[in-house]
Amino acid sequence: QARYPNIVFYPQGEKAVKLPAGWLIEQAGWKGKRVGNTGSHAQQALVLVNYGEASGAEVYALAQEIIDSVQAQFGVELQPEVNIV
């Protein structure tokens, strides 16, 4: 909290906190960012968008890029909550 005074968190017992992935993604600069035919939604950073021509591999690559970016900036590894087929 000293490093990120505006961080949003929810205490989970005495020694853990829950951090909203959308907030982390937004703070890492991904909200509304487009990469080729994929991107992060302009209103909800947690939502990935396929602009019509992206392959599943491209969407997955964007997700990995976002995960890596959040890890590098905050030291937090995001875990996808979706099944990728």
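All of the numbers you see were taken from the coordinates with simple rules; none came from a lab. Note that the structure is predicted; figures quoted are calculated from it, not measured. Every residue, glycine as well, gets a Cβ built from its backbone with ideal geometry; the counts of neighbours run over all protein chains shown.
Round to the nearest 10 and give me the degree value, 0 to 90, for the angle of helix 56-74's Cα axis relative to the longest principal axis of the chain.
20 degrees
What list do you get for ARG34, ARG3 if you sort them by fewest beta carbons within 10 Å?
Values: ARG34 12, ARG3 6.
Lowest to highest Cβ neighbour count: ARG3, ARG34.
Taking the Cα centre of the range 10-74 as the origin, how large is its charge dipole in debye, to the nearest 20, when only Lys and Arg (+1) and Asp and Glu (-1) carry charge on their Cβ atoms? Mind dumping the intermediate values first?
Numbers: 5 positive and 6 negative charges, 40 e Å.
That gives a dipole near 200 debye.
Looking at the range 1-79, which GluC sites (Glu not before Pro) are DSSP coil and have at most 12 other C-beta atoms within 10 Å of their C-beta? Please report the intermediate quantities before stating the final value.
On the way: sites: GLU14, GLU26, GLU53, GLU58, GLU65, GLU77; in loops: GLU14, GLU53, GLU77.
Filter output for the range 1-79: GLU14, GLU53, GLU77.
Mind sorting out which of [x] 0.98; [y] 1.03; [z] 1.01 is the real Rg/Rh (Cα atoms, Kirkwood Rh) computed from the coordinates?
Structure-derived value, by its label: [z].
Which chymotrypsin sites (Phe, Trp or Tyr not before Pro) does the range 1-58 hold that lie in a coil by DSSP with at most 16 other beta carbons within 10 Å?
Working: sites: PHE9, TRP23, TRP30, TYR51; in loops: PHE9, TRP30, TYR51.
Answer by residue number: PHE9, TYR51.
Where Lys and Arg each count +1 and Asp and Glu each count -1, what net charge lies around PHE74 among other residues with Cβ under 13 Å from its Cβ?
Values: positive: ARG3; negative: GLU26, ASP68, GLU77.
Every neighbour counted, the sum reads -2.
So how do SER55, SER40, SER69 line up by other beta-carbon neighbours within 10 Å, fewest first?
Values: SER55 11, SER40 25, SER69 16.
Starting with the residue having the fewest Cβ neighbours, the order is SER55, SER69, SER40.
Report the one residue of GLY36, LEU78, PHE9 whose Cα lies farthest in the direction of the positive end of the charge dipole of the chain (charges on C-beta: Lys and Arg +1, Asp and Glu -1; origin at the Cα centre).
PHE9
Applying the Karplus parametrisation 6.51 cos²θ - 1.76 cosθ + 1.60 with θ = phi - 60° to the phi angles of the range 75-81, what ³J(HN,Hα) value in whole Hz is obtained for each residue in order, glycine and proline being reported as x?
Once θ is set to phi - 60°, the couplings for the range 75-81 become x, 10, 9, 6, 10, x, 9 Hz.
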